[in-house]
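Below is one structure, written out as structure tokens; the observations come after it.
Computed from the coordinates by the stated procedures, all read-outs in this text should not be read as laboratory data. Predicted, not measured: the structure shown is a model, and the values here were computed from it. Heads up, the Cβs are rebuilt from the backbone with ideal geometry, glycines too, and the neighbour counts pull from every protein chain shown.
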Amino acid sequence: MKRLFLGNEAVARGLYEAGCHVVSSYPGTPSTEITEFAAEYDEIYCEWAPNEKVAMEVAVGSSIAGARSFCGMKHVGLNVAADPLFTASYTGVNAGMVIVVADDPGMHSSQNEQDSRHYAKAAKVPMLEPSDSEECLRFTKTAFELSESYDTPVIVRLTTRIAHSRSLAETADRVNDGLRAYEKNPRKYVMMPAMARDRHIAVEERTLKLADWSEGKAVSDGINTVEYNSKKIGIISSGVCYQYSREALGDKASYLKLGCVYPLPVRLIKDFAAQCEKVYVIEELDDFLETHCKKNGIDVIGKESFTLLGEYSQSMIAKVILGDEKETLKINAAVPPRPPVLCAGCPHRGLFYTLKKQKVFVSGDIGCYTLGALQPLGMMDTCICMGASVSALHGRNKADGENAKKSVAVIGDSTFIHSGVTGLINIAYNNSNSVVIILDNSITGMTGHQQNPTTGYNIKGDPVAAVSLEKLAEAVGIKRVTVVDPYDLSRTEKAVKEALEADEPSVIISRRPCALLKYVKHNPPLKVDKDKCRSCKMCMKIGCPAISLDKNTKASIDFTQCVGCKVCKQLCRFDAITD
């Protein structure tokens, strides 16, 4: 039966049909929905892990135990999981193990445009790249077969457009093979140097065999495909760039679509290039395919004509190759810009306003609260990667002890569990006078309200043990731990001032559930008494999207957005904002 699938949903369906037993992931756009859809299948055990490294280690352990396993993450998450990935390449698998990494060209929701194809080459594991939902489903199943046939983890690479677009895919029944028997084999699974040296030999031999597969069976199985049309132009591509090229050029070009992007074939590419007068390599981000072609003496046109930056499009490809821009639908309307902003009632707003009053340096982190960097709050000085806020603050304060009186770190509850805990241990162990503020909004907000180890619920919504942030901070050696409600500006300010004045490490937990959670009950919207409003604009300083100025420069509150948090009411000196 054919169904319309989101790319991520098709991967989840592939996991189900392939008989996958264990799924462990950390949410990260654009990969998140894979695990959410997989959790809808009762036959698959699914979980959110504290971070991607743990998720991959869970998948490795499940594979060795004999269960087909999976872990999913976005591109920067693969950095976190790189340690087990490189060694799992040496150990190989028992049952099949598949990893999906979702790259984000254009940085729709990411801090860089990392090209994860380099990880496949560096770790020496095969990587498949689907170009639509049908291939997302099929390649996922193929990945498990490859994994078991060649004793290797297999990476499936998505990009944002493939992960979040829809197309038809054929469904099938689930394969129920059960668990493979585990056999004790320290020389395979215990990676101390003597064993690892032998396993490296196995990895290199495996790579040669996979290269042969990429030339042969990958073609007969429809992984690497050739389509000849006009031979004046040849296109070598993969993933979404194949779709862009096909739509832009149609029958004016011939196509070599590489569904296996590592290891890459040589003979197949040479034969295709020999048939075409001019050959272009079209790939987003780095010149991965192009470098392989040129290394093997294949004359191609690549990044000298195409950019290393951002996403490609049909019109861009048509303009570069044909010299004319492909006509696309355009809306002739002046659409006002809508920059991202903390939601009305966001608990982080009151905390950031308080920090702005104190004029502190803010070492920031990855989450909804990163929007606190934008005006009118403008209270984030750095944002590097998950967990870096805590460690970087420690480094800043050790570099110049005077900073401690005017510096804080802010980090979300999920991000703190992901990789902030070790930074806090470092602060306590190495005794830096640092203030760490954990923004506990009771959910993983940025990626769409996933549970995490602090919420008390698992991916299925079942009650589980919840990590106590207070006890955890105390357990690692922090004696000053304070909990505040960021809607209460005076108490929040008092806690921040006291922490900054203290001569020891401090943790402030700014606790208030995300305003968008379904179970959160809001107060009635606030109103503005126009007669009392003096147009002082104090209420505008918090950047709440529910507050604006009318034509008379009087404050106005949109009742459809206001959740009655009363932060703005605490700022009004003239009692113009009322319940």
Phi angles of region 56-69, converted by Karplus (6.51 cos²θ - 1.76 cosθ + 1.60, θ = phi - 60°) into ³J(HN,Hα) in whole Hz with x for Gly and Pro, give 5, 5, 4, 5, 4, x, 5, 4, 5, 6, x, 9, 4, 9
Consider just the alpha-carbon atoms of region 348-511 and return their Rg together with their Dmax, both in angstrom.
14.6, 47
Need one number: % antiparallel among DSSP beta bridges in the chain, to the nearest 5.
25
Please check the chain for the longest run free of GluC sites (Glu not before Pro) that are loop-located per DSSP (anything but H, G, I, E, B) and have at most 13 other Cβ atoms within 10 Å.
328-579
Förster radius 60 Å - calculated FRET efficiency between residue 334 and residue 87, Cβ distance, rounded to 0.05:
0.65
Estimated vicinal HN-Hα couplings, Hz - region 11-20 in sequence order (Karplus 6.51, -1.76, 1.60; Gly, Pro = x):
4, 4, 5, x, 4, 4, 5, 7, x, 4
Pseudo-spin-label distance residue 578 to residue 357, built 7 Å along Cα→Cβ, given in nm, is 2.5
Here FRET efficiency (C-beta to C-beta, residue 200 to residue 490, R₀ 45 Å, nearest 0.05) is 0.15
Measure off 7 Å from each Cα along the Cα-to-Cβ vector at residue 375 and residue 322, then give the distance between these two points in nanometres to one decimal.
4.3
Using a Förster distance of 60 Å, how high is the FRET efficiency between residue 523 and residue 274, based on the Cβ-Cβ distance and rounded to 0.05?
0.25
Gain in span if fully extended, residue 559 to residue 426, counting 0.36 nm per residue against the direct Cα distance
43.3 nm
Expressed as a whole percent, how much of the Cα-Cα distance distribution for the chain exceeds 31 Å?
56
Find how much the distance from residue 462 to residue 229 grows on full extension, using 0.36 nm per residue of separation minus their present alpha carbon separation; answer in nm with one decimal.
78.4 nm
How many percent of Cα pairs in region 289-330 exceed 18 Å?
40
Length gained, residue 569-residue 3, 0.36 nm per residue minus C-alpha separation, equals 198.6 nm
Which entries in the list 460/494; 217/252; 124/319; 330/551 go over 30 Å, if you measure between the two C-alpha atoms of each?
460/494; 124/319; 330/551
Taking the chain as the reference, fit the longest principal axis to its C-alpha atoms, fit the long axis of helix 82-91 to the helix C-alpha atoms, and give the angle between the two in degrees, 0 to 90, nearest 10.
30
